[in-house]
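Reading through the structure tokens given below for one structure.
The values are calculated or read from the model by the stated rules, or taken from the named source; none is laboratory data. These numbers were taken from a predicted model, which means no experiment stands behind them. Quick reminder, even Gly has a Cβ in these numbers, built from the backbone with ideal geometry, and neighbours come from all protein chains shown. Accessible surface areas use protein heavy atoms only, side chains included; no ligands, DNA or RNA. Shrake-Rupley method; radii C 1.70, N 1.55, O 1.52, S 1.80 Å.
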Amino acid sequence: MTPVGGRAGGVSIVQVGGAAGGGAVERLTGRALPAAGGVGLRRFGEIDDGLVGVVEAPEGVVIQLMPHGGAGVLRALVGALKELGVGPVPEGESALAIARRDYPEARSGLEAEVLAAVARAASPAAVGLLAEQVGLWMGRSVDGVDWGVVEERSRVLDRLIEPATVVVVGPPNAGKSTLTNRLLGRRVSVVSGRPGTTRDWVGGVVELRAGVAVRWLDTPGLRAGSGDVVEERAVGAVAGLLESAAVVVGMSETGFGDEAGWMGMTGGREIDVWVHSKRDDAGDASEDRTGLSAERPLAVSAETGVGIERLEALVVERLGLSAVGGELWAFTPTLRRVVAGEVGLLPGYVGLGADQ
């Protein structure tokens, strides 16, 4: 199917369950549902043309409506279904129940939750790790497992689903905005030689090396006594960002020997990666810079790309995501309860039987 104008467009899926849901879809389309396991072309009232599929699941039949993925089409379709008596997901429904309903083709509860996690994961690196979890947990004996290690590892790996926050701090004109624009691939920060140009934090989700996505935030230049009330208020807001930051990148154009003043403005939050910016002349010498300390910062140039790959690798390393895979990951509420010792591993959840 192609939208008006002939240009390619996305397709979305709206799932409806239960006998009442099936009746509502039939009234909306004016036609009977396809046979179980089948797919048919339908007209969703006056909203859109699309496909209707019927999937058999342990909880009953699930109907999948597949219109074009535009926001307007989805709002109209969901509104029409509500008028026909189809309600939203019950409040308080467990993540497992939602996954089982959304992915009726899954052969176990764990497999359904893997599919749900893949769908919402921000980092491409999460896909392979999640896919191997069914095999890792299936038949797993709880004896001899260090659940403390699993719990700690899982907190780190969860950053692949919900991206961690990386905050860049430094004095005005250090090159923070230029670096942020380069990583995001679009102009989101105002680049200027005038101090105080960035009055608030800006940024977005960036995919770094190894398929790790992070929420990258550029902040106002840290300097005291500017006399600008708006600027000083913006600088004060940086403290709140630092509290939630998993990694803090400190950036300076002049080096860090005389930067004790602005470092104090971080409220004591340690710098995880040190960057000496605008080093267009660094060349291969940047490979000798570790970025591990103020005395040996990483030389980078956002203009030429010098040191950028090394910077990305250092951030991924600080997140604990440099070398992962082949280990248990408690990425669901159910598995977290297992790790906490509240429940045991139920064969029906991790295996290929009925959900437990």
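Quick look at the numbers
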quantity: The stretch 102-154, residues that are among the charged types (D, E, K, R) and farther than 15 Å from residue 331 by Cα; calculated: 102, 105, 107, 140, 143, 146
quantity: Residue in the stretch 123-146 that is nearest to the chain's Cα centre (by Cα), counting only those that are of a type in the set (Gly, Ala, Ser) and at pLDDT below 90; calculated: 135
quantity: Filter result (at pLDDT 85 or above, part of a strand (DSSP E or B) and open to solvent by 60 Å² or more (accessible area, probe 1.4 Å)) within the stretch 1-50; calculated: 39, 41, 43, 49
quantity: Boolean, residue 304 is of a type in the set (Val, Ile, Thr) and closer than 16 Å to residue 151 by Cα; calculated: no
quantity: Close pairs from the stretch 289-310: first acidic (Asp, Glu), partner buried (at least 22 other Cβ atoms within 10 Å of the Cβ), Cβ under 6 Å, at least 6 apart; calculated: none
quantity: Selection from the stretch 299-317 of residues that are of a type in the set (D, E, K, R) and closer than 21 Å to residue 128 by Cα; calculated: 312, 317
quantity: Scan of the stretch 52-82 for residues that are modelled with pLDDT of 85 or more and either open to solvent by 60 Å² or more (accessible area, probe 1.4 Å) or not in a strand (DSSP E or B) (or both), ordered by number; calculated: 67, 73, 74, 75, 76, 77, 78, 79, 80, 81, 82
quantity: Candidates 238, 214, 205, filtered to the one that is crowded, with 22+ Cβ neighbours inside 10 Å, more than 15 Å from residue 173 (Cα to Cα) and at pLDDT 80 or above; calculated: 214
quantity: Yes/no for residue 317 being open to solvent by 50 Å² or more (accessible area, probe 1.4 Å), at pLDDT 85 or above and not small (Gly, Ala, Ser); calculated: yes
quantity: Options 309, 287: the member that is outside any loop (DSSP other than H, G, I, E, B), modelled with pLDDT under 80 and open to solvent by 60 Å² or more (accessible area, probe 1.4 Å); calculated: 287
